[in-house]
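For reference, the structure is listed below as structure tokens.
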Amino acid sequence: MGIEENIKESDIRKTMETDTKYGIRKAELREMLPEIDLFPTILHAGKQLDIAVFGPDIYKNNISNMQKKYFHSRQLPNISFRPATSAESTSILVPPNFKYCKTKILNPRGLQLCREIKTSDGVYLNPQKNTFEGDEVDEKTLKSFLKPDKKVNGIYLLDNDFTFVPYESFEQGVQESGDFAEGGLARGLEHTQEKKASNLAIISDKKNYPRGVNVFRFDPVTEAVVRVVCLYSYRGYDGLIVVGDGWNDGDDCCAFGVLN
């Protein structure tokens, strides 16, 4: 048996070597990719999205990690992600995911919703890449998007969840859930034409956050700056915090990635 086995193995090796002459594409060793968990598939704007959470880390690192390759299952063996927009993130936060997100993401660390550009007139949410480079902002290009037909209920709804929210369209400070959800900032974060941001109304409801919503650091600036909008809900405070001055490279928070 031993001799027969050796002959067979030798024949197999010769056959495998011969196969390459006929253009057979030999299999490569599969690189062992890091494993990643996915949230339950959600429906957003009529599309099904698969989501993973990244961090806590600074925002640019979270985005960089999203672009790496991961293994989830045989059906999804080699996957990567893109940053969720603020509108997509609010769809992820509502039930059935809310309890998990509140205790595992919002409370201990916070959630990076999107990049923003603060200007003297208002805040640009989910800005397009051609409007800034690093910390350099092209205000002329930004303003070119603000066409009259794009203005809906006091805010400008542009493509791909890109939104401009004038400062006068929302209030800062501690406020009731309903007042926050009807303000321009909440509606801009959800990129909605409605007069109320429905997802943020659910998230910030009094039963979840008895002390309401605290909105701060959305102040006019003399020179446009790139920042990150973040959500927090510290233990013991019982209120939802919306901060408009997160840094690209300074705040360790979580961020959602959408499966490419």
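All but one of (1) closer than 19 Å to G110 by Cβ; (2) under 20 Å from the mean Cα position of the chain (by Cα) hold for N208, so report the exception by its number. Just one mismatch for N208, condition (2). Looking at (1) modelled with pLDDT of 95 or more; (2) under 18 Å from Y167 (Cα atoms); (3) of a type outside the set (G, A, S); (4) surrounded by fewer than 20 Cβ atoms within 10 Å (Cβ to Cβ), which is the one condition that is false for L125? Just one mismatch for L125, condition (4). Of everything in the stretch 106-130 that is of a type in the set (S, T, N, Q) and within 16 Å of the chain's Cα centre (by Cα), the residue that is nearest to S89 (Cα to Cα) is Q112. The residue list L189, L158, L185 contains one member that is within 22 Å of D121 (Cβ to Cβ), buried (at least 21 other Cβ atoms within 10 Å of the Cβ), in contact with a Phe, Trp or Tyr (Cβ under 6 Å, 6 or more places away or on another chain) and hydrophobic (A, V, I, L, M, F, W, C), which is L185. Looking only at the stretch 29-83, filter to residues that are hydrophobic (A, V, I, L, M, F, W, C) and in a helix (DSSP H, G or I); which one of those is surrounded by the fewest Cβ atoms within 10 Å (Cβ to Cβ)? Of everything passing the filter in the stretch 29-83, I63 is surrounded by the fewest Cβ atoms within 10 Å (Cβ to Cβ). Residues in the stretch 195-215 that are in contact (Cβ under 8 Å) with a residue 40 or more places away in the chain, over 17 Å from V174 (Cα atoms) and not aliphatic (A, V, I, L, M): K195, N199. Note on the stretch 179-198: residues that are closer than 12 Å to G212 by Cβ and either touching a helix residue (DSSP H, G or I) at 6+ places or on another chain (Cβ under 7 Å) or not in a helix (DSSP H, G or I) (or both) amount to 2.
Among the residues of the stretch 211-248, those identified as part of a loop (DSSP other than H, G, I, E, B) and under 17 Å from L125 (Cβ atoms) are R217, F218, D219, P220, V221, A224, W247, N248. Out of all the residues in the stretch 141-150, is one or more part of a strand (DSSP E or B) and at pLDDT below 95? No, that holds for no residue. Remark: R109 falls outside the filter, which requires a residue to be out of contact with any Phe, Trp or Tyr (no Cβ under 7 Å at 6 or more places or on another chain), of a type in the set (D, E, K, R) and assigned to a strand (DSSP E or B). Looking across the stretch 220-252 at every residue that is buried (at least 17 other Cβ atoms within 10 Å of the Cβ) and among the polar types (S, T, N, Q), the one that is nearest to K140 (Cα to Cα) is identified as N248.
The values are calculated or read from the model by the stated rules, or taken from the named source; none is laboratory data. Just so we're clear, the structure is a prediction, and the values are computed from it rather than from any experiment. Neighbour counts run over all protein chains shown; Cβ positions are idealised from the backbone, glycine included.
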